[in-house]
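Visitor: This is the structure, below, for whatever I ask next.
The values are calculated or read from the model by the stated rules, or taken from the named source; none is laboratory data. If you're wondering where the values come from, they're calculated on a predicted model, not measured in any experiment. Neighbour counts run over all protein chains shown; Cβ positions are idealised from the backbone, glycine included.
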Amino acid sequence: MTRWIAVVPLLALVATPAAAQPAAKLTAEQTQLFETKVRPVLAEKCFSCHGEKKQSAGLRLDTAAGVKQGADDGAVIVPGDPAKSRLIKSVKREGDYAMPPKDALRPEQVADLTDWVRMGAPFPAEQAVVKGADPTKHWAFQPVKPQAPPATRRPTTHPIDAFVVSKLETKGLTPSAPADRRTLLRRAYYDLIGLPPTADEIAAFEKDQTPGAFEAVIDHLLASPHYGERWGRHWLDVARYADTKGYVFQEEKAFPFAYTYRDYVIRSINEDKPFDRFVVEQLAADRLPLGEDKSALAAMGFLTLGRRFLNNTHDIIDDRIDVVTRGLMGLSVACARCHDHKYDPIPAKDYYSLYGVFASSVEPKQLPLLSEKRSPEQQAFDRELAKKEADIEAEKVRRFEAAVAKLRAADALADYLRAGLDARGKSPEQVQAFARERDLNGFVLGRWRPYLTEQLKAGNPVLTPLAALHALPEAEFAAKSAAALDGLKVKAHPAVTAALTAAKPKTFREAATAVGKAIAQGKDDAALAGVTGKGGPLDIAVADADKLFNRVDRDALVAARRKVDAFQASSPNAPQRAHVLVDGNVQEPVVFLRGNPGNRGPAVPRQMVAVAATNRQPFKQGSGRLELANAIASPDNPLTARVFVNRVWAGHFGHGLVRTPSDFGVRSDPPTHPELLDWLAHRFVTDGWSPKRLHKLIMLSATYQQASASPDALFRADPENKLLARQNRRRLDFESLRDSLLVGSGKLDRTVYGRPVDLFKAPFPTRRSVYGLIDRLNPPGTLRVFDAANPDQHSPQRFLTTVPQQALFLMNSPFVREQAVALATRPEMTSAGTPDAKVTALYRLALGRAPTPAELALGREFVADAATGRWEQYAQVLLLSNEFAFVD
């Protein structure tokens, strides 16, 4: 077996340890977490006691050195180990000191600090740019200008090649030789549709030596519906797409119609929708004249399908600002949430200008339909849904009526009468605190207080006697109560007089109880019934029912609502709807000082971020989302086109011309070929923002068509391939790897669009991986092992690793085993008459080629043993090979 492994090396054998990261060079993910989540918490909660002016216990948390040094009695953070870090124990209220002492952190803030420590507690350096430099002069903030391809000594026929060869010539280097035709075709297939070509397709391309053969392949692949699936998955990483909300409390965790956004993305890419229109629809489709076709509304999942942060409005808006600015413009605007951006020219005022846009936008309770047309099955679904909704409403009304009935009972009336009189003169905030102290409903008490004030001024005969008794000191109540009642200017209601006479109250509490009973029993008396009837404090609308419910009521209704939401999310007959935003009440934003909503600073207009704006004006149309979308998609915006063409370039080469694809700020890596980046961006816009034309433009270049192998001298001169003197060998991402396994087994379901499926639950679905269910709260470990995007936040790029766990999955996964068995029993295998024919068929199906003589001999030797399952083992070994899992 050793000889066999030598011929077909396993993924596990090429795994190499990750290179140690230089301490001063943080990843984009580390910087983003610190600037958007950690620094704001430290600034708001910690710096007052552990900052520049004061260091309680010798601890300073506003500098990297301070964090590393710790407190007087030692370190407070053990990088990489939250469980041993005293800082984490303190904020969890588990250590010797609870921090902050008075105002505990929210659970999500504790989780962010825990993630930060687990990540190694990275702390970005404060000084990141040359002192005195003007960040507004940074290359990415300058207008995109047309660039002329440079002259080269080596002949070039494609503009991209001119830019690349020119730079190589300055280093005394030359490009690599062209890739062989099998490698080139396989590369094109995986790049554009994420699936391998068949052996017959490879043979046909190898045979076709006409000049336009490769261009015809590109056109064919761009016309495939699988092109949208492949590049749609790339965009879903940018959009932090998921089918669930993450951790939420007492609500259905699924987004019932998230898949309509995924399908919108795939469909738009297949249609070659101009990218500027693609952007505008995702931010403001609700503001566009769509006519009868409302399908574009699904685009707004870009904004709405992020994490829900326990429904914390400020964090939800921050997430939306982040996905818009980093995803579309490569700007980390969210870093300005609690202070001016540390490095880029983005003041906190610009952050809150965008905050105002999204604070003025709301999610409607009823999601809009994408089509008014209904099939019979959908009509039946509508009827069932209407019945379920009516049942919930009826249950809500029943519980509401029961809650109001309890408030009209004698004991409740007595409690609220006493509390309402006690609360006179208190502020609304004090009334709410007062209600909590007495275990009363704050909303109801808030209605009693003004009602009592109004009625006592009017001399209400039911309430005035009780108010007179309330004014008596408790120690003198028994002695002076009769005189107080006799001295009333208003004649007491007979029922109240009778109740007090019968009760002979010795305390005000007893008096309130007696009056409460009189009111509760006086349903047939207009004056008594008026206290609890129309116009009274208990004349509460059903719309305010939620404000009356206790935990039992809320839990029961939430459980019923979750069942209805689950019914919509799971029913194949549910008419498609869109998760959208619509304009609500326009909010004029102010800066939250240090990111604290309770510490309001200067007012700011809703407008575009200054550094990317031309002719900047405050937004005037509703929330301003459409104006924001048009500003981002403007050809004059210096960032949008650059960022997108860089993402496309990375999809074809493994790395962008700018290797920090979502950070084009002053701390980003500079473009390796700045003139080429601008030429591509300008060409992209003048080509009508067409992604398909951009793909074709890149793939027809000799730069793209180079071999990945190169002379040793060239590799030593440019080990990171920043000069593009060769192609980059890349491991298949998880989606392409899984889909290729299904292609090999002959079981791939090529149906396009539809509801998500659980990829990891047997019986294993055979749909493409892009349709797999993405659960934020319980992501499968396999996705992490294969470097899939984290749906909790915008993902700039996949960091492809090669680790032993990947090989272990391929060797032990029941899914992989299932595909190996299916591959070994395909008709091409069962119809082969000899072992040699079967080995040949297996190679063609798995790797798209015939075996070499040595491989054929080795295969014949391996299967000569008649042991059961030899062919299945043979098939799995080929599926485990580097040749299967890598693209050159």
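Visitor: Scan Arg326, Arg320 and give me the residue that is free of Cβ contacts under 8 Å to residues at least 60 places away in the same chain and either closer than 16 Å to Pro135 by Cα or outside any loop (DSSP other than H, G, I, E, B) (or both).
Guide: That would be Arg320, the only listed residue that is free of Cβ contacts under 8 Å to residues at least 60 places away in the same chain and either closer than 16 Å to Pro135 by Cα or outside any loop (DSSP other than H, G, I, E, B) (or both).
Visitor: What number of residues within segment 560-596 satisfy the criterion of being surrounded by fewer than 14 Cβ atoms within 10 Å (Cβ to Cβ) and either modelled with pLDDT of 90 or more or touching a Cys at 6+ places or on another chain (Cβ under 8 Å) (or both)?
Guide: So the count comes out to 2.
Visitor: Can you give me the number of residues within segment 151-188 that are of a type in the set (Asp, Glu) and under 26 Å from Arg731 (Cβ atoms)?
Guide: 1
For every residue, the table says whether it meets (1) within 37 Å of the chain's Cα centre (by Cα); (2) aliphatic (A, V, I, L, M).
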site: Arg784; (1), (2): yes, no
site: Gln793; (1), (2): yes, no
site: Thr802; (1), (2): yes, no
site: Ala822; (1), (2): yes, yes
site: Pro835; (1), (2): no, no
site: Lys838; (1), (2): no, no
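Visitor: Sticking with this one: State all residues of segment 519-531 that are touching a residue at least 40 places away in the same chain (Cβ under 8 Å) and buried (at least 20 other Cβ atoms within 10 Å of the Cβ); if no residue qualifies, say none.
Guide: Passing the criteria: Ile519, Leu528, Val531.
Visitor: If you don't mind, there's one more thing I want to ask. Against the definition (among the basic types (Lys, Arg) and touching a helix residue (DSSP H, G or I) at 6+ places or on another chain (Cβ under 9 Å)), how does Arg798 come out, yes or no?
Guide: Working: among the basic types (Lys, Arg): yes; touching a helix residue (DSSP H, G or I) at 6+ places or on another chain (Cβ under 9 Å): yes.
For Arg798, the condition - among the basic types (Lys, Arg) and touching a helix residue (DSSP H, G or I) at 6+ places or on another chain (Cβ under 9 Å) - is met.
Visitor: Please tell me if Ala435 is free of Cβ contacts under 8 Å to residues at least 60 places away in the same chain, under 21 Å from Gly535 (Cα atoms) and hydrophobic (A, V, I, L, M, F, W, C).
Guide: In short, no.
Visitor: All but one of (1) in a loop (DSSP other than H, G, I, E, B); (2) over 23 Å from Val757 (Cα atoms) hold for Val280, so report the exception by its number.
Guide: It fails just one condition, (1).
Visitor: Within segment 572-580, is even one residue in a helix (DSSP H, G or I), of a type in the set (S, T, N, Q), out of contact with any strand residue (DSSP E or B) (no Cβ under 9 Å at 6 or more places or on another chain) and not assigned by TED's automatic domain parsing to the domain that holds Lys37? Show your work before the answer.
Guide: Residues of segment 572-580 that are in a helix (DSSP H, G or I), as a first pass: none.
Looking for residues that are in a helix (DSSP H, G or I), of a type in the set (S, T, N, Q), out of contact with any strand residue (DSSP E or B) (no Cβ under 9 Å at 6 or more places or on another chain) and not assigned by TED's automatic domain parsing to the domain that holds Lys37, one finds none in segment 572-580, hence no.
Visitor: Does Asp237 meet the test of being under 14 Å from the mean Cα position of the chain (by Cα) and surrounded by 23 or more Cβ atoms within 10 Å (Cβ to Cβ)?
Guide: Working: under 14 Å from the mean Cα position of the chain (by Cα): yes; surrounded by 23 or more Cβ atoms within 10 Å (Cβ to Cβ): no.
Spelling it out, it is not the case that Asp237 is under 14 Å from the mean Cα position of the chain (by Cα) and surrounded by 23 or more Cβ atoms within 10 Å (Cβ to Cβ).
Visitor: It is to be established whether one or more residues within segment 655-673 are assigned to a helix (DSSP H, G or I), under 30 Å from Pro347 (Cβ atoms) and not polar (S, T, N, Q).
Guide: no
Visitor: Looking at Asp669 and the list (1) free of Cβ contacts under 8 Å to residues at least 12 places away in the same chain; (2) in contact with a Phe, Trp or Tyr (Cβ under 9 Å, 6 or more places away or on another chain); (3) acidic (Asp, Glu), which single condition is not satisfied?
Guide: (2)
Visitor: Which numbered condition trips up Ala390, out of (1) assigned to a helix (DSSP H, G or I); (2) within 30 Å of Tyr451 (Cβ to Cβ); (3) small (Gly, Ala, Ser)?
Guide: The failed condition is (2).
Visitor: Something else about it: Can you tell which of Leu463, Leu445 is over 23 Å from Phe549 (Cα atoms), of a type outside the set (Ser, Thr, Tyr) and surrounded by 14 or more Cβ atoms within 10 Å (Cβ to Cβ)?
Guide: Checking each option against the conditions leaves just Leu463.
Visitor: Does segment 189-221 hold any residues that are of a type in the set (A, V, I, L, M, F, W, C) and either at pLDDT below 95 or within 22 Å of Arg731 (Cα to Cα) (or both), and which are they?
Guide: Leu192, Ile193, Leu195, Ala199, Ile202, Ile218, Leu221
Visitor: Now for a different question. So, restricting to helices (runs of 4 or more DSSP H) that lie completely within segment 1-112, which ones have at least 2 residues that are closer than 26 Å to Ser662 by Cβ and at pLDDT below 85?
Guide: Because the criterion is at least 2 residues that are closer than 26 Å to Ser662 by Cβ and at pLDDT below 85, the helices (runs of 4 or more DSSP H) in segment 1-112 that meet it are 28-33, 39-45.
Visitor: Which residues, taken from segment 153-184, are within 26 Å of Thr686 (Cα to Cα), touching a Leu at 6+ places or on another chain (Cβ under 9 Å) and outside any helix (DSSP H, G or I)?
Guide: Across segment 153-184, the qualifying residue is only His158.
Visitor: Which of the residues belonging to segment 300-317 are surrounded by 24 or more Cβ atoms within 10 Å (Cβ to Cβ) and at positive phi?
Guide: Across segment 300-317, there are no qualifying residues.
Visitor: Okay, next question. Got at least one residue in segment 779-798 being polar (S, T, N, Q) and more than 30 Å from Ile316 (Cβ to Cβ)?
Guide: no
Visitor: Could I ask something else about it? I'm told Leu680 meets every condition in (1) buried (at least 20 other Cβ atoms within 10 Å of the Cβ); (2) assigned to a loop (DSSP other than H, G, I, E, B) except one. Can you identify the failing condition by its number?
Guide: Of (1) buried (at least 20 other Cβ atoms within 10 Å of the Cβ); (2) assigned to a loop (DSSP other than H, G, I, E, B), only one is false for Leu680: (2).
Visitor: It is to be established whether one or more residues within segment 366-381 are out of contact with any Cys (no Cβ under 9 Å at 6 or more places or on another chain), within 30 Å of Phe141 (Cα to Cα) and among the hydrophobic types (A, V, I, L, M, F, W, C). Even if it seems obvious, please write down each step before you answer.
Guide: Restricting attention to segment 366-381, the residues satisfying the condition of being out of contact with any Cys (no Cβ under 9 Å at 6 or more places or on another chain) are 366-381.
Next, only the ones that are within 30 Å of Phe141 (Cα to Cα) stay: none.
For segment 366-381, residues out of contact with any Cys (no Cβ under 9 Å at 6 or more places or on another chain), within 30 Å of Phe141 (Cα to Cα) and among the hydrophobic types (A, V, I, L, M, F, W, C): absent.
Visitor: For segment 218-236, check the following and say yes or no: at least one residue is assigned to a loop (DSSP other than H, G, I, E, B) and farther than 25 Å from Gln568 by Cα.
Guide: Among the residues of segment 218-236, at least one is assigned to a loop (DSSP other than H, G, I, E, B) and farther than 25 Å from Gln568 by Cα, which makes the answer yes.
Visitor: Further, regarding this structure: If you scan segment 80-115, which residues turn out to be in contact with a Pro (Cβ under 9 Å, 6 or more places away or on another chain) and surrounded by fewer than 17 Cβ atoms within 10 Å (Cβ to Cβ)?
Guide: Asp115, the sole residue that qualifies.
Conditions tested, residue by residue: (1) surrounded by fewer than 16 Cβ atoms within 10 Å (Cβ to Cβ); (2) touching a Leu at 6+ places or on another chain (Cβ under 8 Å); (3) closer than 23 Å to Ile269 by Cβ.
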residue: Tyr704; (1), (2), (3): no, no, yes
residue: Arg729; (1), (2), (3): yes, no, no
residue: Asp775; (1), (2), (3): no, no, no
residue: Asn790; (1), (2), (3): no, no, yes
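Here is a yes/no grid of residues against (1) of a type in the set (Gly, Ala, Ser); (2) out of contact with any strand residue (DSSP E or B) (no Cβ under 7 Å at 6 or more places or on another chain); (3) surrounded by fewer than 20 Cβ atoms within 10 Å (Cβ to Cβ):
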site	(1), (2), (3)
Val821	no, yes, yes
Thr825	no, yes, yes
Ser831	yes, yes, yes
Asp836	no, yes, yes
Val839	no, yes, no
Glu872	no, yes, yes
Ala875	yes, yes, no
Asn882	no, yes, yes
Asp888	no, yes, yes
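Visitor: Here is a list of conditions, (1) of a type in the set (A, V, I, L, M); (2) farther than 29 Å from Glu372 by Cα; (3) surrounded by 21 or more Cβ atoms within 10 Å (Cβ to Cβ), and Leu557 meets all of them except one; can you say which number that is?
Guide: Single failed check for Leu557: (3).
Visitor: In segment 91-113, which residues are in contact (Cβ under 8 Å) with a residue 12 or more places away in the chain and over 20 Å from His314 (Cβ atoms)?
Guide: Hits for segment 91-113 are Lys92, Met99.
Visitor: Within segment 349-357, is there a residue that is buried (at least 20 other Cβ atoms within 10 Å of the Cβ) and over 30 Å from Ala681 (Cα atoms)?
Guide: Yes: segment 349-357 contains one or more residues that are buried (at least 20 other Cβ atoms within 10 Å of the Cβ) and over 30 Å from Ala681 (Cα atoms).
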